[in-house]
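Colleague: Got a structure for you, questions after.
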Amino acid sequence: MQIPHDTRRALDVVVALVNTAPESDQPDGLPDLGALRAFVNEHSISDVGELGARDLAGVRTVRGKFSQVFSARNPRAAAVLINELVATAGTTPQLTDHDGYDWHVHYFAPGASVGDHLAADGGMALAFIVVSGEQERLRRCEAPDCRRAFVDLSRNRSRRYCDSRTCGNRLHVAAYRARRKEAAE
C-alpha cells in the first residue's frame, strides 16, 4: 500500500493521540496543557499557536472520535465519524512545502485550533485508508493486556500486535512456557 508521506505522518499522529487515552490501567496521556504542548512538539505539529484549556478539551474530543474510527464495525460507520470530524474542523485544503518536506496537502485552515488541525489532517488520513478499502488496517493490539491502536502497514495485513518486540514477544514466550509446562506434566 503506497501512502504519501503527509498521510503517513498524519496517521502516526492519529495513532499516537489515540494511544494517549486513559485505559483501565493507564492514566490519561494528556492530563494537562504541558502534556499537550509536549505532544505537539514531539510530533512536530506545525502552525500551532498558544495553547489553552479549550485546546486541551478539543484535542481530547478529537481523540475520542479517532478512537471510535478504530472501533468502527465497517467502512460506512467509519465514514460517518470521519465526515463529522472533517466537517466540524472546517477543512480547507492547501498545498504547502515546509520544514524540508516536498509539496503536500494540509487540510486545516490557517489559524485553526490544534483540535481542528488534528481533526482535519487526521480525519483526511483516515479517509484515505477507508477510501482505499483498507479499513481493516486500523487495528488494536491483540495482546490481552494491551489495546493500543496501530495501523497495520504489513504487506499481507498480518500484524497483530502494536509492537512485536514487546506485546508479541511477551505472548509468544508465555505460550512457549505453557506448552513446556504442559509437556512436563
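Colleague: Being under 20 Å from residue 125 (Cβ atoms), out of contact with any Pro (no Cβ under 9 Å at 6 or more places or on another chain), open to solvent by 20 Å² or more (accessible area, probe 1.4 Å) and of a type in the set (Gly, Ala, Ser) is the requirement here; does residue 78 meet it?
Modeller: Taking the combined requirement at face value, the residue does not satisfy it.
Colleague: Something else about it: Pairs needed: first member in the stretch 139-161, open to solvent by 30 Å² or more (accessible area, probe 1.4 Å); second member anywhere, of a type in the set (Val, Ile, Thr) and in a loop (DSSP other than H, G, I, E, B); C-beta distance under 8 Å; at least 6 residues apart or different chains.
Modeller: Taking only residues 6 or more apart or on different chains, the pairs are 153/3.
Okay, residues lined up against (1) of a type in the set (D, E, K, R); (2) closer than 20 Å to residue 127 by Cβ; (3) in contact (Cβ under 8 Å) with a residue 40 or more places away in the chain:
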| site | (1), (2), (3) |
| --- | --- |
| 23 | yes, no, yes |
| 33 | no, no, no |
| 44 | no, no, yes |
| 47 | yes, no, yes |
| 56 | no, no, no |
| 69 | no, yes, yes |
| 88 | no, yes, no |
| 92 | no, yes, no |
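Colleague: Now for a different question. Could you please find all residues in the stretch 104-163 being in contact with a His (Cβ under 8 Å, 6 or more places away or on another chain) and within 24 Å of residue 73 (Cβ to Cβ)?
Modeller: None; the set is empty.
Colleague: Within the stretch 81-105, which residues are of a type outside the set (Ser, Thr, Tyr) and surrounded by 13 or more Cβ atoms within 10 Å (Cβ to Cβ)?
Modeller: 81, 82, 84, 85, 86, 89, 90, 104, 105, listed by residue number.
Colleague: Scanning the stretch 106-119 for residues that are modelled with pLDDT of 85 or more and under 18 Å from the mean Cα position of the chain (by Cα), which turns out most open to solvent (accessible area, probe 1.4 Å)?
Modeller: Ranking the candidates gives 116 first.
Colleague: Still on this structure: Out of the stretch 128-169, which residues are on the phi < 0 side of the Ramachandran plot, part of a loop (DSSP other than H, G, I, E, B) and of a type in the set (D, E, K, R)?
Modeller: Those that are on the phi < 0 side of the Ramachandran plot, part of a loop (DSSP other than H, G, I, E, B) and of a type in the set (D, E, K, R): 134, 142, 145, 147, 148, 152, 155, 159, 160, 163.
Colleague: Follow-up. Take residues that are within 27 Å of residue 158 (Cα to Cα) and open to solvent by less than 40 Å² (accessible area, probe 1.4 Å) and tell me which of the helices (runs of 4 or more DSSP H) falling wholly in the stretch 1-75 contain 2 or more.
Modeller: Of the helices (runs of 4 or more DSSP H) lying wholly inside the stretch 1-75, those with at least 2 residues that are within 27 Å of residue 158 (Cα to Cα) and open to solvent by less than 40 Å² (accessible area, probe 1.4 Å) span 5-18, 53-71.
The values are calculated or read from the model by the stated rules, or taken from the named source; none is laboratory data. What you are looking at is a predicted structure, and each value in this text was computed from that prediction instead of being measured. Reconstructed Cβ throughout: ideal geometry from the backbone, glycine too, with neighbour counts over all protein chains shown. With ligands, DNA and RNA removed, areas are computed over all heavy atoms of the protein, side chains included. Shrake-Rupley method; radii C 1.70, N 1.55, O 1.52, S 1.80 Å.
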